[in-house]
Number of protein chains: 2
Amino acid sequence: MNQIKESPFDDMLCFDVYAVNLAFGRIYKPLLDPLGLTYSQYLVLMSLWTQDDQTVGQIGGSLGLDSSTLTPLIKRIEAAGLVVRNRDPLDERRVIVSLTDQGRALQAHSSHIRSCVVSGLGMSLEELQQLQAMIRKLRKSIVAQDRD
Amino acid sequence: MNQIKESPFDDMLCFDVYAVNLAFGRIYKPLLDPLGLTYSQYLVLMSLWTQDDQTVGQIGGSLGLDSSTLTPLIKRIEAAGLVVRNRDPLDERRVIVSLTDQGRALQAHSSHIRSCVVSGLGMSLEELQQLQAMIRKLRKSIVAQDRD
DNA sequence: AGCCATTATATGTCGCGCAATAAATTATCG
DNA sequence: CGATAATTTATTGCGCGACATATAATGGCT
């Protein structure tokens, strides 16, 4: 009499990752909606806050995304007035994405968002840090395998 | 002189989850493409393999997905001949999703897929199990917070 | 000049969430 | 009991995101 049958996904790590990722999206949505941002757009802005004037490819590198994914996304935050896109004069293939004052100003909200998210998880910081270390290790391991 | 600057996402658990989830998708894609399935479609089939004849809402409950997400998805695997959809005669609001022989037959591939995925991760089973236990705990914790 | 690699863009498919709608069932009240 | 209201369930439409593929433009190299 040990256990209720849980689900077909009991031993599927990928499913738990999938479900947690969706859950994160649901946590972020009400926090980002007032700013008119989606989660992915927010990630791009975070990247630019720490390093302005990046090319599309550089942003995609740190996010693990294709330029075909980023192009329309960046155009949307450009339309919102948060960034501008300019061809690199030294290499006209590249497009440099730069923050506007309005885009920079949004950074002020980030620490508040961050604390709201953490409190929405319901776990201690120690546990979260430990978990993150393991996930990060997995991520690097997958990337490493991918190159074989 | 400790560390190269990694990324703006060093302390963002959500980002690592996001990135690992994308990485999982890239692992599954070449395995599922020959079967003509996407990852989400595969999850629905897994659910049906362990419990046939579920309603759309039941499937959505175990996957954490909206019925509006599932309806078109299930229609696609119906078009592929893997499932059939029938109204529940006892409650005509419900749609019962049932496997066809062809859908059941696909289960034969699942163990192979599973082992391919695990070997694509490059980590020991012990570590993976420990990691999964923590992620699952987080998932349940988020869901619990969500109800407050 | 010609070839090849790199970079970004355009297009089409699928997945995801939300809002609004429709249909069926259940609850409530006269 | 019967009419009406509220709830449940699935569907539809829309916007965004992620990926693959194809295309265009630029730069580097011989």
Report every pair of residues separated by at least 6 positions or lying on different chains whose Cβ atoms are under 8 Å apart, first residue within region B:70-81 and at positive phi and at pLDDT below 95, second among the hydroxyl-bearing types (Ser, Thr, Tyr) and not in a helix (DSSP H, G or I). B:Gly81/B:Thr100
Residue list for region A:111-148, restricted to those being closer than 23 Å to B:Asp146 by Cβ, among the small types (Gly, Ala, Ser) and facing chain B (nearest Cβ under 7 Å): A:Gly120, A:Gly122
Filter region A:63-88 down to residues that are in contact with a strand residue (DSSP E or B) (Cβ under 7 Å, 6 or more places away or on another chain) and more than 16 Å from A:Tyr42 (Cβ to Cβ) and give me whichever is nearest to DNA strand C (Cβ to nearest atom). A:Arg85
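Yes or no, residue by residue, for (1) within 19 Å of B:Leu13 (Cβ to Cβ); (2) within 16 Å of the chain's Cα centre (by Cα):
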residue	(1), (2)
B:Val95	no, no
B:Ser98	no, no
B:Arg104	no, no
B:His112	no, no
B:Val118	no, yes
B:Gln129	no, no
B:Gln132	yes, yes
B:Arg139	yes, yes
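Considering region B:85-107 alone, what residues qualify as being outside any strand (DSSP E or B) and either in contact with a Pro (Cβ under 7 Å, 6 or more places away or on another chain) or touching a residue at least 40 places away in the same chain (Cβ under 8 Å) (or both)?
First, the residues of region B:85-107 that are outside any strand (DSSP E or B): B:89-90, B:100-107.
Scanning region B:85-107 gives B:Gly103, B:Arg104, B:Leu106, B:Gln107.
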Could we say that B:Arg139 is open to solvent by 40 Å² or more (accessible area, probe 1.4 Å), within 15 Å of DNA strand D (Cβ to nearest atom) and at pLDDT 90 or above here? no
Any residue at all in region A:64-81 that is open to solvent by 40 Å² or more (accessible area, probe 1.4 Å), within 12 Å of DNA strand D (Cβ to nearest atom) and outside any helix (DSSP H, G or I)? yes
It is to be established whether one or more residues within region A:106-119 are within 9 Å of DNA strand C (Cβ to nearest atom) and open to solvent by 30 Å² or more (accessible area, probe 1.4 Å). no
Only residues in region A:52-63 that are at the interface with chain B (Cβ under 10 Å from one of its Cβ atoms) and open to solvent by 20 Å² or more (accessible area, probe 1.4 Å) count as the first member; pair them with residues that are near DNA strand C (Cβ under 8 Å from one of its atoms) and in a helix (DSSP H, G or I), Cβ under 9 angstrom, at least 6 apart or cross-chain, and list the lot. none
Within region B:49-63, count every residue that is assigned to a helix (DSSP H, G or I) and more than 13 Å from DNA strand D (Cβ to nearest atom). 2
Could you run through region B:32-48 and say how many residues are away from DNA strand D (no atom under 12 Å from the Cβ) and open to solvent by 30 Å² or more (accessible area, probe 1.4 Å)? 3
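The values are calculated or read from the model by the stated rules, or taken from the named source; none is laboratory data. The structure displayed is predicted, hence computed values, not measured ones. As a convention, Cβ positions derive from the backbone with ideal geometry for all residues, glycine included, and neighbour counts pool all protein chains shown. The protein model used for the area step is the full one, side chains on, heavy atoms only, and it has no ligands, DNA or RNA in it. Shrake-Rupley method; radii C 1.70, N 1.55, O 1.52, S 1.80 Å.
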